[in-house]
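To start, the structure under review is shown below, and the notes come after it.
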Amino acid sequence: MRGDRLREIRVKRGLSQRELAQRCDLGEQQIWRYENNETDPSGAIVMRIARELEITTDYLLGLVDEPTSHLTANDLTPAEWRLVQAYRSGDLGHLLDMARQLAVQSSSEDKA
């Protein structure tokens with residue numbers, strides 16, 4: 001994990017090492033070690049820290065340069081966008097129907 005990125009985002013969020021540690025159920029010294037690249041966290045801890053800081057794990061790992069994903073409607077097909085809208089509306093039945101239709105459609109396209 002990139003310790004410099006962890007420190008940068010933590011400071012931007014106005015959190016002390018102690019506060020971040022408490023939110024992630026870790027020890028304060030552990031956060032210090034991560035920020036100073038003395039030890040690497042497990043994948044589960046990277047995910048916990050990323051979730052708490054509202055950033056991607058890819059950013060913490062140095063795989064991308066943007067801390068958050070900026071997926072827009074333009075990046076989705078119309079069917080994918082409808083799925084997102086159904087999910088956000090909380091209409092689980094409609095969401096499941098749409099997912100089934102997409103699965104059938106995808107299966108048909110794979111056979112062709």
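Of the labelled figures (i) 164; (ii) 89; (iii) 156, only one reflects volume of the Cα convex hull per residue in Å³ as derived from the coordinates, namely (iii).
Computed from the Cβ-Cβ distance with R0 of 35 Å, the FRET efficiency linking Arg100 to Ala44 stands at 0.65.
Neighbours of Ser106, meaning other residues whose beta-carbon lies under 14 angstrom from its beta-carbon, give a summed charge of -1 when Lys and Arg score +1 and Asp and Glu score -1. Per-residue 3J(HN,Hα) values for the stretch 13-24, derived from phi via the Karplus relation 6.51 cos²θ - 1.76 cosθ + 1.60 with θ = phi - 60°, read 7, x, 9, 7, 4, 4, 5, 5, 4, 5, 5, 9 Hz in sequence order (x marks Gly and Pro). Each Lys or Arg adds one and each Asp or Glu subtracts one; over the other residues with Cβ under 9 Å from the Cβ of Cys24, this totals +1. Angle of helix 78-89 to the longest C-alpha principal axis of the chain, folded into 0 to 90 degrees and rounded to 10: 60°.
With the helix formula -39500 (n - 2.57) applied to DSSP H stretches of n ≥ 4, the chain reaches a computed 222 nm mean residue ellipticity of -19000 deg cm²/dmol. Summarising the label geometry, the points placed 7 Å from Cα in the beta-carbon direction at Glu80 and Asn37 lie 3.4 nm from one another. Measure nothing but the geometry: give the 0 to 90° angle between the long axis through the Cα atoms of 3-12 and the longest principal axis through the Cα atoms of the chain, rounded to 10°. Compared with the principal axis, the helix lies near 80 degrees. What net charge do the residues around Gly3 carry, taking every other residue with its C-beta under 14 Å from that of Gly3, with Lys and Arg at +1 and Asp and Glu at -1? Charge balance near Gly3 sits at 0. Proximity of backbone amide H atoms, modeled 1.01 Å from N, is registered between Leu61 and Arg2 at under 5 Å, excluding neighbours fewer than 5 places apart on the same chain.
With θ taken as phi - 60° and the Karplus curve 6.51 cos²θ - 1.76 cosθ + 1.60 applied, the whole-hertz 3J(HN,Hα) list for the stretch 37-43 is 6, 8, 8, 9, x, 5, x Hz, x standing for glycine and proline. If R₀ is 30 angstrom, what is the calculated FRET efficiency for the pair Arg88 and Arg13, using the beta carbon separation as r and rounding to 0.05? Step by step, r from the Cβ atoms, then E = 0.75.
No value in this document is a laboratory result; all are computed from the given coordinates. Fair warning: this is a prediction, and the values are worked out from it, not measured in the lab. Counting neighbours? That spans all protein chains shown, and the Cβs are built from the backbone with ideal geometry, glycine included.
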